[in-house]
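Reading through the structure tokens given below for one structure.
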Amino acid sequence: MSRFTLHVRISLWLLLFSLGLSVSGFSQNTSTLTITGEVTTPLDLTLQKLSAFKQVSQKVKDRDGKEHEFKGVALIELLEKAGVTTGSKLRGENLAKYVLIKAADGYEVIYSLAEIDPEFASQVIILAIEKDGQPLPAGEGPFRIITPNDKKPARWIREVRSIKVAFAKD
Amino acid sequence: MRRGFKRTKFRTYPSGWFFTGLMACFFLFCGLTHSFENQKPTPYTLRYPANFGGRYTIPEDNPITKEGVYLGRLLFYEKKLSAGNSISCESCHLQKLAFTDGKALSQGADGSLTTRSAMSLANLLWVRNFFWDGRSPNLEQQAAFPLTNVHEMGQPLTESVAKLRQTALYPPLFKAAFGSDIITRDYILKALAQFERTLISSDSRYDRYLAGTYPPTAQELRGMALFQNAPNPQKLIRGANCEHCHGGVKTFKELFHNNGLDSTFSDNGRQNFTNQVEDKGRFRVPTLRNIMLTAPYMHDGRFQRIEQVLDHYNEHILESATLSSFLRDVSNETNGKKLMLTKSEKTDIISFLSMLTDSAFITNPEFSNPHLTLKSQ
């Protein structure tokens with residue numbers, strides 16, 4: 001009986017150890033996206049974790065002048081998951097919050113929190129992970145913001161690496 | 001008897017005036033030393049044109065003061081901060097070359113070469129990620145690297161502190177700047193950072209043009225348009241797309257790009273710092289201010305002349321997985337793969353780049369070696 005328990009224990013440890021190894025190996029080769037700042041739960045997202053969210057898609061004309069179908073997760077869903085003050089909580093001082101999005105190459109853009117909230121805005125801003133059925137290519141992905149109503153795609157920030165919610169403090 | 005009494009009286013009871021004078025001297029003296037001890041350093045006012053914008057951060061625990069800046073300037077030119085008292089910051093950052101050294105790689109205190117080219121020190125106030133790989137978030141942290149790196153000044157900060165403590169010059173200057181004459185590692189870094197934040201280059205012909213006081217030549221205007229425009233052959237707009245990364249009045253954006261110098265990398269650049277494969281071969285987009293003075297060019301100083309830089313962006317971009325998408329398939333000809341600028345267009349761009357030379361910056365006495373004036377005094 002005790003030998004059996006020991007066996008189980010050892011194999012469990014081995015299993016955990018190898019899982020740990022594979023996870024760490026995986027994370028080294030997988031880009032992550034962080035959501036931090038004025039949140040209740042900071043998030044560390046990977047492509048895999050994003051696939052658990054409701055997927056939405058948008059057909060929009062990109063910088064190349066051609067229409068593409070971008071698929072991903074509504075940015076508001078991610079912010080809600082992180083516990084950002086959206087919906088009925090987006091009032092008072094929370095209207096002075098902004099969302100700073102940074103790319104791998106250092107590029108930065110901001111949105112006001114209200115711009116992302118569907119109770120204010122008619123568009124759905126998405127964190128895209130696919131373009132025309134394919135993962136976003138290097139230099140553009142793995143994560144890219146698509147803001148359909150922005151006529152100029154300068155805030156359709158590519159290679160998103162971090163999203164930070166903050167108060168304007170001026 | 002009367003006279004004697006008088007004399008005695010004078011000796012025993014000095015006059016009220018004498019007492020008052022003595023007391024006044026005493027209080028004056030106390031007041032002087034007191035105010036000297038608590039004397040706060042004088043705030044330093046940074047001056048720059050409004051179009052440079054205010055997006056910079058000065059650490060709350062290191063406000064810029066006149067005393068701090070002066071101390072930082074002395075330290076910038078201080079050879080005691082290097083192993084064997086052989087070099088100072090200036091050795092690789094000469095004011096006349098917009099604080100570069102004219103070399104591809106620089107020689108450290110031990111005679112060995114650095115792995116990357118010395119960067120220009122202009123408008124660092126607005127920089128948010130220092131070094132070619134952006135590893136330092138502020139000048140205080142940045143300064144520790146060249147001071148201690150064995151290929152650069154190569155001396156532990158504890159040793160620099162010990163050397164400065166032995167001088168007559170420095171303890172009072174640290175006291176004036178930071179309120180304590182006990183020299184520390186942090187004070188050295190803070191003073192250097194304060195001085196470097198004052199190195200503002202904003203009086204070039206380009207700045208005067210923006211202020212409406214310099215009329216550019218026709219060639220400079222052609223070069224400026226090419227510098228700013230993205231090529232669009234359909235709309236017959238010719239451009240070199242420089243501004244995509246070097247845009248704005250400061251001529252740099254806080255970006256890291258692989259600019260197609262190599263297809264395989266001996267230096268992985270920003271990847272060494274972030275450990276992300278997407279950053280392989282990415283380097284900081286540097287300022288182009290004073291670019292005609294800061295040859296050789298690129299992170300490894302591979303190009304001796306500005307013409308080679310133009311040729312690179314025009315004709316020699318090498319493909320790799322992380323090549324900047326802004327350098328891929330950008331052309332002045334329909335379906336072209338290369339920029340396809342003409343020889344005269346390249347000359348025009350160089351003419352615009354010359355507008356970025358700021359002779360007031362490279363001759364500003366406030367940035368020069370203060371030890372020279374100290375010695376002559």
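What follows is calculated from the coordinates using simple rules that are stated; it is not laboratory data. From a predicted model like this one, the values you see are computed outputs, not experimental measurements. All Cβ positions, even for glycine, are placed from backbone atoms using ideal geometry, and neighbour counts span all protein chains on display.
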Nearest-0.05 FRET efficiency for B:Lys337 and A:Lys152 at R0 = 30 Å, using Cβ-Cβ distance, is 0.70
For A:Ile110, B:Ile349, B:Ile183, A:Ile129, ascending order of other Cβ atoms within 10 Å (fewest first) is A:Ile110, A:Ile129, B:Ile183, B:Ile349
In order over region A:60-66: 3J(HN,Hα) from phi, Karplus 6.51/-1.76/1.60, θ = phi - 60°, whole Hz, x for each Gly or Pro, gives 9, 7, 8, 3, 6, x, 9
Treating every alpha carbon of region A:31-167 as one equal point scatterer without solvent, the Debye formula yields log10 I(q)/I(0) values at q = 0.14 Å⁻¹ of -0.58
If amide H atoms are modeled at 1.01 Å from N in the peptide plane, then the residues at a separation of 5 or more from A:Ser162, or on another chain, having amide H under 5 Å from its own are A:Thr34, A:Lys102
Only helices counted: for the protein assembly as shown, with every DSSP H run of 4 or more residues adding -39500 (n - 2.57) and the sum spread over all residues, [θ] at 222 nm is -10000 deg cm²/dmol
Dividing the mean separation of Cα pairs under 8 Å (6+ apart) by the residue count of region B:64-200 yields a relative contact order in percent of 33 percent
Over the Cα atoms of region B:66-178 the radius of gyration and the largest Cα-Cα distance (Dmax), both in Å, equal 14.0, 39
If amide H atoms are modeled at 1.01 Å from N in the peptide plane, then the residues at a separation of 5 or more from B:Ser201, or on another chain, having amide H under 5 Å from its own are B:Asn123
GluC sites (Glu not before Pro) in region B:296-363 lying in a DSSP loop, each with at most 16 other Cβ atoms within 10 Å of its Cβ, come to B:Glu319, B:Glu333
Most exposed to least, judged by fewest other Cβ atoms within 10 Å, B:Arg47, A:Arg144, B:Arg305, B:Arg289 sort to B:Arg47, B:Arg305, A:Arg144, B:Arg289
Whole-Hz Karplus couplings 3J(HN,Hα) for region B:253-270, θ = phi - 60° and coefficients 6.51, -1.76, 1.60, Gly and Pro as x, run 10, 6, 10, 10, 9, 8, 9, x, 6, 9, 9, 10, 10, 7, 10, 7, x, 4
For the pair A:Glu69 and B:Gln166, the simple spin-label estimate (label points 7 Å beyond Cα toward Cβ) gives in nm 7.6 nm
Taking B:Leu199, B:Leu221 and counting other beta carbon atoms within 10 angstrom, the fewest-first order is B:Leu221, B:Leu199
Measuring from the longest principal axis of the C-alpha atoms of chain B, the long axis of helix B:2-12 (C-alpha) lies at a number of degrees, nearest 10, equal to 30 degrees
Rounded to the nearest whole number, the Stokes-Einstein translational diffusion coefficient of chain B at 37 °C and 0.692 mPa s (Kirkwood radius, C-alpha pairs) in µm²/s is 139 µm²/s
In degrees, nearest 10, the alpha-carbon axis of helix B:343-354 is tilted away from the dominant principal axis of the alpha carbons of chain B by 10 degrees
Karplus ³J(HN,Hα) for region B:360-367 (6.51 cos²θ - 1.76 cosθ + 1.60, θ = phi - 60°; Hz, whole; x = Gly/Pro) runs 5, 5, 7, 10, 4, x, 6, 9
Square roots of five times the C-alpha gyration tensor eigenvalues of the protein assembly as shown, ordered largest first and given in whole Å, equal 53, 34, 26
Lys and Arg at +1, Asp and Glu at -1: neighbours of B:Leu46 with Cβ under 14 Å from its Cβ sum to +2
Scoring only Lys, Arg, Asp and Glu (+1, +1, -1, -1) among other residues with Cβ under 15 Å from the Cβ of B:Ala109 yields -3
Once B:Tyr209 and B:Arg47 are pulled to full extension, the length gained, defined as 0.36 nm per residue separation minus their Cα-Cα distance, is 56.5 nm
